[in-house]
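J.: The structure follows.
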Ligand code: ADP
Ligand code: MG
C-alpha cells in the first residue's frame, strides 16, 4: 500500500509553488512547514476588509479603504529622512500617498502622472490632508473587484509579508485535489459541513471575523478530519494489539497473600479496589492498558508492587520505569524491601551501569533471575531483553513520550501495561493519546495522614523562618529547603542552591546536605540515603525533589520564591511532606510584588491539598494547551483541531472510529479507501503500518 497519487502534489516541497524560491522556502518552513500541505494547514488568523470604497471627501481617517484616484504629481523628498509624496485626486478631493525609502523610478513606473489607479491601505489625516502611508495595493482600474474584498491575514514571521504569504498560499490552494469523501453523508448533512476541498477554500477565504471561529463549519470539518485520523490510528493500533492475543496471567494466590503481609501497612480501600481492577485485567487473554491515577502520596507504588506480584506469580517478570535516577533509587529501597521478604530479586538499570556490571544485570534480566527490574530510560536500549516480560509499569507517565511507551511495551510481545500518574488528565486529553484507556483512581490518602499546614510568608521575613528552623531541628524534624528556578537556567539554579547551602551550613553546621541535578549519581544516592536515615537535618535542593521522593520523616518544607513555580509543581513539591505520623508544615516564601495570577496560584496552594481542585485551577489559569507543560507530555500536536474548543468533536471522533472499524476492520470498503487517504493526508504512519501488515 502506498500513498494515493492524488496526494503526491501535497507532499512536494513548497518550492513547487510558483513564486517560491530558496528564501521563501526557508521562511515558510519556519512559520508553517516545508511542504505544500503545510500551507493548506496554515489557516488565517485575522482579516482585513478592503470593501470600504468611499469618495475622497467622505473617506474616514483610521479606516482601511480602497480608493480610485488619478495620479497628479510626484514630490521626491528634499532630505532622505523625509517621505516621498505622490499627490492624487478624485472628483471630490485630494489624497497624498506617502512612501519612505522607496526607489523613485519604481514609483514613477507604478504611479505615472495622469493615469488612474486603485490604491488600498489605511487612511490618516496629517496637518489637514488625507494621507495613505505605504498603500498595501496599487493596481490598475480593471482589478478593482479583486482588490476591494476581504483579505485573510496569516500568521507571519520576520521577512514574510502578508501580501507574499497570501499570494503563495493562494497559488498553493489551486493544487487542492478533489478527494473522495471519507465522512458519512448523514454526518455531513447533520453538521452542515462542506466537502473537504470546499472546507479548505472557505477556511482560507474568511469574509468576517465569525469565519475565523473554531466553530465555523469549515474549520470544524477540518478539525474533525484531523481528530478522526488520530482516533482511527489509536483504534487500529488497539485492534492489532488485541488480535495478537495477550497472556492470561492467573497469578499465584499463596504468593499474593504473602506479599500482602510483606507490606508494612494495611492497604487503603481504594488501593485494594485498584489492585483488583488490575488483576482482573491481567487474567484476561487481552493485553491490559490501564492508567492508575492518584494524587501525590496516595500510594501508587504499593499498587504497582501488587500488580508485579501477580505477574511474577504467573511465572513472568515485571519492569518498572521511572523518569529520574533518584526515583529509581527510591523505588529500589521500598520495593526492594518488600520483595526481599518474599525472596524475590530486584535489580536496577540506569545510565550509570556500564561495562561488566551492566552485562551482569542484562544477563539476569535475560535469564529470568531478575524478577523485578526498575530503571530509567536506559531500559530502552536495544540490547535490553527479558526472558518473559509480563508487566510493564510506567511511573509518572506524563514525563515520557508516546513513542517511548510503545518502545518499552514492544520488549515483551504480550505484556500488560500499567501507567501511573499524579496529574489528573481530563478525559478528552487521554482520548487523544490512548483512546479508551481504562482508568483506576486512588481517591483517598492512607489513613492517619494529617493535613499540611501551608503558610505564605514574605521573602523579607526569611530571617524569622531560619530562626524557626532551629526549633524544628531541636525537635528532630527533617527539612526540605527548595531553591527557586532562576530564569530557566540550570546553571543559575545551581548557583542559587549552592549559595543557600553554604549559608545554611554556616548557620546550622555540617548536618545540611545539598542535592541538585548536576551531581554525580553516586553522590546523589549518598545524600538521599543520609537524609532518609536522619544523618542530615536539612536538605537544600533544586526541584529534583519534585517527583516521587519518599522520606516519611520529613515534615518541613520551605520553598524559596514560591511565586516562580507553577501550581502543579508546587503541589508535587509539597507532596514530599505530610507522609508520616507527625504534622507537617510547608512555608512558601514569596516576593510580595507579584501579579494577581501568581497570587491566585499561591492562595490556591495554601487553601487546598486536593490535586483535582489544584489541577482545575491550573487549567483555568493556564489554559488546556499548557496544562501538561512541555512537549514531553507526549500529547500529539494538532494543526487544525484545538483541544479546548473541539472537545465535543474528540468524543465524536472516538465513537466514529470504533464504528468504522467494527464494520470494516481493514478499511477495504469504498469508504475505507477514502479513509486510508485521510490517514495519508495526516501522515498517520503508525496506522498505515498496521493496515499494511494486517
Ligand atoms: P505516590 O502515589 O505519590 O507514588 P507513594 O507510593 O510514594 O505515593 O506512597 C507515599 C507514602 O505512603 C509512602 O511512604 C508509602 O509507604 C506510604 N503508603 C502507601 N500506602 C499506604 C497505606 N495504605 N497506609 C499507610 N501508608 C501507605
Ligand atoms: Mg510515586
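J.: How much length is gained on full extension from residue 511 to residue 260, taking 0.36 nm per residue of separation minus their Cα-Cα distance?
T.: On the way: separation 251, 0.36 × 251 = 90.36 nm, distance 3.68 nm.
Length gained, residue 511 through residue 260: 86.7 nm.
J.: In nm, to one decimal, how far is the modelled label at residue 134 from the one at residue 213, with both set 7 Å along Cα→Cβ?
T.: For the pair residue 134/residue 213, the computed spacing is 3.4 nm.
J.: Work out how much length residue 367 to residue 170 would gain on full extension: take 0.36 nm times their residue separation and subtract the Cα-Cα distance, in nm to one decimal.
T.: Working it through step by step, the gained length comes to 64.7 nm.
J.: Helix 162-173 versus the longest principal axis of the chain: what is the Cα-based angle in degrees, 0 to 90, to the nearest 10?
T.: Its long axis makes an angle of about 80 degrees.
J.: Right, another one. Tally the DSSP beta bridges in the chain and give the antiparallel ones as a percent, rounded to 5. Don't jump to the answer; show the numbers that get you there.
T.: Working: 29 of 82 bridges.
If we restrict to bridges inside the chain, about 35 percent are antiparallel.
J.: Against the longest principal axis of the chain, how steep is helix 611-622, in degrees 0 to 90 to the nearest 10, with axes from Cα atoms?
T.: That helix lies at roughly 20 degrees to the long axis.
J.: Can you give me the distance in nm between label points at residue 2 and residue 359, each placed 7 Å from the Cα along the Cα-to-Cβ direction?
T.: Result for the modelled spin labels: 4.7 nm.
J.: Related question: So if R0 is 35 Å, what FRET efficiency would residue 436 and residue 192 give, r being the distance between their Cβ atoms, rounded to the nearest 0.05?
T.: With a Förster radius of 35 Å, E is 0.75.
J.: If we restrict to alpha carbons, what Rg and Dmax does the chain come to, in Å?
T.: Cα only, the chain: 32.0, 102 Å (Rg, Dmax).
J.: Rounded if a/c is under 1.5, else prolate if a/b beats b/c, else oblate: with a ≥ b ≥ c from the C-alpha gyration tensor eigenvalues square-rooted, which is region 1-107?
T.: Prolate shape, in that a/c is at least 1.5 and a/b is the bigger ratio.
J.: Quickly work out the residue 284-to-residue 345 label distance, labels modelled 7 Å from Cα along the C-beta direction, and quote it in nm with one decimal.
T.: In this crude label model, residue 345 to residue 284 measures out at 3.3 nm.
J.: Counting only DSSP beta bridges with both residues in region 48-153, tell me the antiparallel percent, nearest 5.
T.: Once the DSSP bridges in region 48-153 are tallied, antiparallel ones form about 90 percent.
J.: Compute the acute angle (0 to 90°) between the alpha-carbon long axis of helix 462-474 and the principal axis of greatest extent of the alpha-carbon atoms of the chain; round to the nearest 10°.
T.: 20
J.: Still on this structure: Measuring from a point 7 Å past the Cα of residue 116 along Cα-to-C-beta, which residues in region 81-110 have an amide N at less than 18 Å?
T.: 88-95
J.: Give the shape of region 452-608 as rounded, prolate or oblate, defined through the alpha-carbon gyration tensor: a ≥ b ≥ c are the square roots of its eigenvalues, a/c under 1.5 means rounded, and otherwise the shape is prolate if a/b is larger than b/c and oblate if not.
T.: rounded
J.: Right, another one. Which order, highest average first, do 262-274, 659-671, 639-651 follow once you tally other Cβ atoms within 10 Å for each residue and take the mean per peptide?
T.: 639-651, 262-274, 659-671
J.: While we're looking at this one, here's another question. Name the shape class, rounded, prolate or oblate, that the alpha-carbon gyration tensor gives for region 68-134, where a ≥ b ≥ c are the square roots of its eigenvalues, rounded holds for a/c under 1.5, and otherwise prolate holds if a/b is larger than b/c and oblate otherwise.
T.: Numbers: a/c = 1.76, a/b = 1.17, b/c = 1.51.
The shape class here is oblate.
J.: Tell me what the chain gives for mean residue ellipticity at 222 nm when only DSSP H runs of n ≥ 4 count, each as -39,500 (n - 2.57), the sum divided by the residue total, rounded to 500 deg cm²/dmol.
T.: On the way: 25 runs with 285 residues, N = 694.
About -12500 deg cm²/dmol.
J.: Continuing with this model, one more query. Pop the C-beta distance of residue 655 and residue 75 into the FRET formula with R0 = 45 Å and round what comes out to the nearest 0.05.
T.: About 0.10, to the nearest 0.05.
Read the figures in this text as sums done on the coordinates, not as results from a lab. These numbers were taken from a predicted model, which means no experiment stands behind them. All Cβ positions, even for glycine, are placed from backbone atoms using ideal geometry, and neighbour counts span all protein chains on display.
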